[in-house]
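**Q** Pasting in a structure now, in structure tokens, and then I'll have a few things to ask.
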Amino acid sequence: MSNDKKTKANKKLKKTILIGVPIILLGTLAVFAYLILCNSGFVLKKSSSTEVMDKLKDIEGKGGKFELTQKDMYELSDLFKPKTKGNLMINGLNIEIVNGEVLIKAPISYNRFKKVNLLFSSKGKLDFSDGKITYVPYNFKIGKLTLPKKLVMSQILKYKNKIFYVENNSIKTNPNVIPVRLTSIKIRDNKILVIAAKPDTIMSKEDLNNASVNEIDKQLDIIKQKIQSATGFMNNEEKAKADEILASINGVKGKSITEKKKVISNINNVLNEETKLATNSEKKKQLAKISTEVSKVQMVTEEKGKKSQEKTEANRASLAKAKKGLSEAYVEVKTAKEQQVISKLQSTVGKMETNQSYDSTSDKVSIKSSYSTLNSASKDRVKYALFTNVDQKNIRQLKQIFGL
């Protein structure tokens, strides 16, 4: 073959390659785009109902068995949909139980230069241990393109979320987001069968104080009887002091722990002084016994006072957290009436945080009245906003206080 023919053949080959390479690249990109953009006709199943919360509310006070149907799962999907900011938006979330496995699908949008709609999905199994619901993923996909598990888990690990967190290559649910303490979860016939423990009785600060006051009063009654029995050994001056002590015990009955501490401290000081001055051995012995009993009551009173103060501080911190959650809930409701309910809750919780002796009776009536005027859709939005923004311990507390 001549040099001219070789040159022509080489040029033709180069031209073919130059034409072929873009076609191959375009074909590869087309396949890649198909794999990413394919959503297999996925339709997001939305539920505006919050009946699942009512189901949880029913079981919350008594514990026991209940089941979550697929309809409940769609409602929970809406409730637990992660909030996103920036270019990546999660437009919804569907969780389905298929053949005993969990299938998660979430339509997402990426808005860097031009809006692109994608479908994120994952398949895995559900486990339960130590009160935590655990999702063990088999795979992660964008469209039909499988993503490296390690890559996805590392990204989820960076994402701060009060509902989910990553541990040991699994995604776990924070038990605090669930209003009941779970003891068992099983999947059967594409339903989730759940057993919830009977809730512990939470003693309010007022109940704790009342119980402490009553307990101390009983012990003071015993001391009063012992002082009355000892008056037979006393002279007139000592009897006068004993009468003052008895009067102070009667006067502090039913009063606050703080007031009791002052009276008990004073009684102890008087008895210690009288014991030192006593010359009669029997009298000294009796006064020493009473003084010992008063010292015990003083220690109990100090301990009760400390617990009451700890409860006060815990309540204040809890109310501050609830107030912050209510601020976030306020942004999520739609109508002025819905905002009014949340705003009244915020105001009352703020007053209770500042003054824990605040009488919220009239506020409760006003809040319940405003809530009762809402239609069912608005009530659902208010419950949804509260459920997703206020931690469950405070949700329970708000429910007890305001009855929503």
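**Q** For Val390, what accessible area in Å² do you get when you roll a 1.4 Å probe over the heavy atoms of the protein chains, rounding to the nearest 10?
**A** 0 Å²
**Q** Take Lys337 and Phe233, extend 7 Å from each Cα along the Cα→Cβ direction, and tell me the distance between the two endpoints in nm.
**A** According to this spin-label approximation, the distance is 7.5 nm.
**Q** Along Cα→Cβ, 7 Å out, is where each label goes; now give me the distance between the ones at Glu244 and Leu157 in nm to one decimal.
**A** Label-label distance for Glu244 and Leu157, simple model: 7.1 nm.
**Q** Using only the alpha-carbon atoms of the stretch 231-293 as identical scatterers, what base-10 log of I(q)/I(0) does the Debye formula give at q = 0.12, 0.13, 0.14, 0.16 Å⁻¹?
**A** Results for the stretch 231-293 at q = 0.12, 0.13, 0.14, 0.16 Å⁻¹ read -0.30, -0.36, -0.41, -0.52.
**Q** Still on this model: Probe 1.4 Å, all protein chains in place: accessible area of Ile187 in Å², nearest 10?
**A** Surface accessible to solvent at Ile187 totals approximately 50 Å².
**Q** Taking amide H atoms as placed 1.01 Å from N in the peptide plane, list the residues 5 or more away in sequence, or in a different chain, whose amide H sits under 5 Å from that of Leu147.
**A** For Leu147, the qualifying residues are Phe140, Lys141, Ile142.
**Q** Further question: How do Asp380, Asp243 stack up against each other in accessible area, from largest to smallest, with a 1.4 angstrom probe? Each step should come with its number before you reach the end.
**A** Details: Asp380 35, Asp243 90 Å².
Heavy-atom accessible area, descending, gives Asp243, Asp380.
**Q** Can I ask one more? Just to be sure I understand the model, the point goes 7 Å from the Cα along the line to the Cβ. What's the resulting Ala320 to Glu302 distance in nm?
**A** Using points 7 Å along Cα→Cβ, the separation is 2.8 nm.
**Q** Given the Cα-Cα distance of Phe66 and Asn169 and 0.36 nm per residue of separation, how much length would full extension add, in nm? Mind dumping the intermediate values first?
**A** Values: separation 103, 0.36 × 103 = 37.08 nm, distance 2.91 nm.
So the chain would gain 34.2 nm between Phe66 and Asn169.
**Q** Compute, for Glu302, the solvent-accessible surface of its heavy atoms (probe 1.4 Å) with the complete set of protein chains present, and express it in square angstrom to the nearest 10.
**A** Result for Glu302: roughly 90 Å² accessible.
**Q** Further question: Using a 1.4 Å probe on the protein heavy atoms, what percent of the accessible area of the stretch 88-127 belongs to carbon and sulfur?
**A** Values: 1200 of 2160 Å².
Whole-percent figure for carbon plus sulfur exposure: 56.
**Q** Apply the Karplus curve 6.51 cos²θ - 1.76 cosθ + 1.60, θ = phi - 60°, to the phi angles in the stretch 373-379 and return the couplings in whole Hz, x for Gly and Pro.
**A** In residue order, the calculated couplings are 7, 6, 6, 4, 5, 5, 4 Hz.
**Q** Calculated FRET efficiency, Ser357 and Lys262, Cβ-Cβ r, R0 25 Å, to nearest 0.05?
**A** Working: r = 19 Å, r/R0 = 0.76.
So, using R0 = 25 Å, E works out to roughly 0.85.
**Q** In whole Å and largest first, what semi-axes does the C-alpha gyration tensor of the stretch 235-359 yield when each eigenvalue is scaled by 5 and square-rooted? Don't skip to the end; give the middle numbers.
**A** Numbers: eigenvalues 554, 36, 10 Å².
Equivalent ellipsoid of the stretch 235-359: 53, 14, 7 Å, largest first.
**Q** Also, I was wondering about something else. Can you figure out the FRET efficiency of Thr292 with Lys198, using R₀ = 41 Å and their beta-carbon distance, to the nearest 0.05?
**A** Values: r = 42 Å, r/R0 = 1.02.
Plugging the Cβ-Cβ distance into 1/(1 + (r/R0)^6) gives 0.45.
The values are calculated or read from the model by the stated rules, or taken from the named source; none is laboratory data. Remember, it's a predicted structure, so these values are computed and weren't measured experimentally. Quick reminder, even Gly has a Cβ in these numbers, built from the backbone with ideal geometry, and neighbours come from all protein chains shown. With ligands, DNA and RNA removed, areas are computed over all heavy atoms of the protein, side chains included. Shrake-Rupley method; radii C 1.70, N 1.55, O 1.52, S 1.80 Å.
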